[in-house]
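Chemist: Pasting in a structure now, in structure tokens, and then I'll have a few things to ask.
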Amino acid sequence: MLPTILAIESSCDDTSIAILKDDAILVNLVASQKIHEEYGGIVPEVASRQHLKNIIPTISHAIKESGIQLSDFQAIAVTKGPGLLGSLVVGVNVAKALALSLDVPLIEVNHMKAHVLAHFIDDPKPAFPFLCLTVSGGHTQIVMVRDFLDLEVIGQTRDDAAGEAYDKSGKLLGLPYPAGPLIDKYAAQGEVKYSFTEPKIDGLDFSFSGMKTAIRYFLRDSLKENQRFIEENMNDICASIQFSINSFLRNKLIKASEETGIKEIAIAGGVSANKGLRKMLTEEADKQNWNFYIPQFQYCTDNAAMIVKASVYYYEKGIFSDLKMKPSARMPIS
Ligand code: KG4
Ligand code: ZN
């Protein structure tokens, strides 16, 4: 019988609750923390306090909306890591309390694995083995996915993540956090006029710190010539930054596909919501004969639907966690 599961995701700054029944996502609620905008980035202490404030109301709301009784849940799933420790602690402890009081198993889920497995929520679903470019605020990885629970990172960033490259570039432009969605919006109205050299890094790894420095110097020099350079050219600057970051991601993905011979290609994580990246890779897929998979927007950024979906594969194998389980800020995908 298909399980009814409630999942909690609290790895960063979003408190999310999802409920799955008969393999369908009944609800996927996300309480976002706007408060970090005023700090220009996520403040871990503030994030965990916000999770504490939001988590019980969000669970109550989700249960009410789904029409499921508490006694109907067969398991409780939760993100164990990677993420901010103080944020993870809130979700993990609430999940433990629910599992204990309902006398149902607790299932720990790896956040990065869940981003990849979000592809199995809707059709079309990728076939194994496939490659997934997972691009978020904390990670940039090319993952070889052999089976639901058999994943291997074959390339990753050595410094900043792609999302950080977006957010830090946005900060230089005076945009609020998170700047990724704003750069995406302005880029759609601009042209690629400026170029930032692609980082030279071996194999399938990434590096974004050099690009960030190049953008900083470019803006500094341009502002010396014209103090209003940023405000007068915001759309074109955003289009150029977006193009540079995305081209780098695309080129490594092409290399990964060539090296592995795999043409089933997927993208996941917050940056996969970027319209420029979705368009660029859809066009590349045509050229390269890839079967290309992009999740719905709501399953790109952090959400508990991906956690509940991933938890089913553990449930089916009877892989459950001890109530002594501790959250893990740095948790490898396998
Ligand atoms: O996966 P996610 O929601 O959280 C983490 O696990 O980190 O990713 C958040 C990241 C942020 O850096 C945000 O700026 C970026 O994803 N992001 C975007 C877009 N939407 C979210 N970056 C570029 N374009 C977007 N449309
Ligand atoms: Zn994430």
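Chemist: Sort through ILE107, ILE63, ILE76 and tell me the only one that's over 19 Å from the mean Cα position of the chain (by Cα), surrounded by fewer than 21 Cβ atoms within 10 Å (Cβ to Cβ) and more than 16 Å from ligand 2 (Cβ to nearest atom).
Modeler: ILE63
Chemist: Can you name the residue in the stretch 288-334 that is open to solvent by 30 Å² or more (accessible area, probe 1.4 Å) and of a type in the set (Val, Ile, Thr) and is also nearest to ILE154 (Cα to Cα) among such residues?
Modeler: The selected residue is ILE294.
Chemist: Determine whether the stretch 245-253 contains at least one residue that is modelled with pLDDT of 95 or more, over 23 Å from the mean Cα position of the chain (by Cα), assigned to a helix (DSSP H, G or I) and loosely packed, with under 14 Cβ neighbours inside 10 Å.
Modeler: At the first step, the residues of the stretch 245-253 found to be modelled with pLDDT of 95 or more are 245-253.
When the remaining residues are screened for being over 23 Å from the mean Cα position of the chain (by Cα), the result is none.
No, the stretch 245-253 contains no residue that is modelled with pLDDT of 95 or more, over 23 Å from the mean Cα position of the chain (by Cα), assigned to a helix (DSSP H, G or I) and loosely packed, with under 14 Cβ neighbours inside 10 Å.
Chemist: Right, another one. Among the residues of the stretch 93-145, count how many are within 16 Å of ligand 1 (Cβ to nearest atom) and in a helix (DSSP H, G or I).
Modeler: Counting residues in the stretch 93-145 that are within 16 Å of ligand 1 (Cβ to nearest atom) and in a helix (DSSP H, G or I) gives 9.
So that you can scan it fast, the table gives a plain yes or no per residue for (1) away from ligand 1 (no atom under 16 Å from the Cβ); (2) within 23 Å of GLN141 (Cβ to Cβ); (3) in the same structural domain as ILE142 (by TED's automatic domain parsing); (4) at pLDDT 95 or above:
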{"residue": "TYR166", "(1), (2), (3), (4)": "no, yes, yes, yes"}
{"residue": "GLY170", "(1), (2), (3), (4)": "no, yes, yes, yes"}
{"residue": "GLY174", "(1), (2), (3), (4)": "no, no, yes, yes"}
{"residue": "ALA179", "(1), (2), (3), (4)": "no, yes, yes, yes"}
{"residue": "LYS185", "(1), (2), (3), (4)": "no, no, yes, yes"}
{"residue": "TYR194", "(1), (2), (3), (4)": "yes, no, yes, yes"}
{"residue": "GLU198", "(1), (2), (3), (4)": "yes, yes, yes, no"}
{"residue": "ASP202", "(1), (2), (3), (4)": "yes, yes, yes, no"}
{"residue": "PHE206", "(1), (2), (3), (4)": "no, yes, yes, yes"}
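Chemist: Okay, next question. In this structure, does VAL46 turn out to be at pLDDT 95 or above and either surrounded by 15 or more Cβ atoms within 10 Å (Cβ to Cβ) or within 15 Å of ligand 2 (Cβ to nearest atom) (or both)? First the steps, then the outcome.
Modeler: Details: at pLDDT 95 or above: no; either surrounded by 15 or more Cβ atoms within 10 Å (Cβ to Cβ) or within 15 Å of ligand 2 (Cβ to nearest atom) (or both): yes.
It is false that VAL46 is at pLDDT 95 or above and either surrounded by 15 or more Cβ atoms within 10 Å (Cβ to Cβ) or within 15 Å of ligand 2 (Cβ to nearest atom) (or both).
Chemist: Hey, another quick one. Taking the stretch 144-155 only, how many residues are under 12 Å from PRO332 (Cα atoms) and either open to solvent by 30 Å² or more (accessible area, probe 1.4 Å) or within 14 Å of ligand 2 (Cβ to nearest atom) (or both)? If you could, list the steps in order and put the result at the bottom.
Modeler: Initially, the stretch 144-155 is screened for residues under 12 Å from PRO332 (Cα atoms), giving 151-153.
Add one more test, that the residue is either open to solvent by 30 Å² or more (accessible area, probe 1.4 Å) or within 14 Å of ligand 2 (Cβ to nearest atom) (or both), and what stays is 152-153.
Here the count works out to 2.
Chemist: Taking only the stretch 1-36 into account, find how many residues are within 12 Å of ligand 1 (Cβ to nearest atom), touching a residue at least 40 places away in the same chain (Cβ under 8 Å) and open to solvent by 10 Å² or more (accessible area, probe 1.4 Å).
Modeler: 4
Chemist: Moving on to the next point. Name the residues in the stretch 156-176 that are in contact (Cβ under 8 Å) with a residue 12 or more places away in the chain, open to solvent by less than 50 Å² (accessible area, probe 1.4 Å), of a type outside the set (Asp, Glu) and part of a loop (DSSP other than H, G, I, E, B), would you?
Modeler: Keep residues of the stretch 156-176 that are in contact (Cβ under 8 Å) with a residue 12 or more places away in the chain, which gives 156-174, 176.
Keeping just the survivors that are open to solvent by less than 50 Å² (accessible area, probe 1.4 Å) gives 157, 160-163, 165-167, 169-170, 173.
Now drop any that are not of a type outside the set (Asp, Glu), which leaves 157, 161-163, 165-166, 169-170, 173.
If the condition is that a residue be in contact (Cβ under 8 Å) with a residue 12 or more places away in the chain, open to solvent by less than 50 Å² (accessible area, probe 1.4 Å), of a type outside the set (Asp, Glu) and part of a loop (DSSP other than H, G, I, E, B), then ALA161, LEU173 are the ones that fit.
Chemist: List, please: which pairs have Cβ atoms under 6 Å, are six or more places apart or on different chains, and start with a residue in the stretch 46-59 that is in contact (Cβ under 8 Å) with a residue 60 or more places away in the chain and not assigned by TED's automatic domain parsing to the domain that holds ASN28 and end with one that is buried (at least 16 other Cβ atoms within 10 Å of the Cβ) and part of a helix (DSSP H, G or I)?
Modeler: Matching pairs, first to second residue: none at all.
Chemist: Looking at the stretch 288-301, can you tell me whether even one residue there is closer than 20 Å to HIS111 by Cβ, of a type in the set (Ser, Thr, Tyr) and more than 13 Å from ligand 1 (Cβ to nearest atom)? Quick ask: steps written out before the conclusion?
Modeler: Our first condition is that a residue be closer than 20 Å to HIS111 by Cβ; within the stretch 288-301, this holds for 293-301.
Cutting the leftovers down to of a type in the set (Ser, Thr, Tyr) gives us 293, 299, 301.
Add one more test, that the residue is more than 13 Å from ligand 1 (Cβ to nearest atom), and what stays is 293.
Yes, the stretch 288-301 has at least one match.
Chemist: Okay, moving on. If you go through the stretch 3-33 one residue at a time, how many are of a type in the set (Gly, Ala, Ser), touching a His at 6+ places or on another chain (Cβ under 9 Å) and part of a strand (DSSP E or B)?
Modeler: Step one: of the stretch 3-33, the residues of a type in the set (Gly, Ala, Ser) are 7, 10-11, 16, 18, 24, 31-32.
Subsequent filtering for residues that are touching a His at 6+ places or on another chain (Cβ under 9 Å) retains 10-11, 31.
From the residues that got through so far, the ones that are part of a strand (DSSP E or B) too are 31.
Residues in the stretch 3-33 being of a type in the set (Gly, Ala, Ser), touching a His at 6+ places or on another chain (Cβ under 9 Å) and part of a strand (DSSP E or B): 1 in total.
Chemist: Could you tell me which residue of the stretch 214-226 is surrounded by the fewest Cβ atoms within 10 Å (Cβ to Cβ), considering only residues that are under 17 Å from GLU198 (Cβ atoms) and either at pLDDT below 95 or touching a Phe, Trp or Tyr at 6+ places or on another chain (Cβ under 8 Å) (or both)?
Modeler: Out of the qualifying residues, it is ALA214.
Chemist: Hey, among ILE241, ILE230, ILE265, which residue is in a helix (DSSP H, G or I), buried (at least 20 other Cβ atoms within 10 Å of the Cβ) and modelled with pLDDT of 95 or more?
Modeler: Values: ILE230 fails: buried (at least 20 other Cβ atoms within 10 Å of the Cβ); ILE265 fails: in a helix (DSSP H, G or I).
Checking each option against the conditions leaves just ILE241.
The values are calculated or read from the model by the stated rules, or taken from the named source; none is laboratory data. Keep in mind the model is a prediction, meaning the values are calculated, not measured. Cβ sites come from the backbone with ideal geometry, for glycine too, and all protein chains shown count toward neighbours. Note: areas computed on protein heavy atoms with side chains; ligands, DNA, RNA excluded. Shrake-Rupley method; radii C 1.70, N 1.55, O 1.52, S 1.80 Å.
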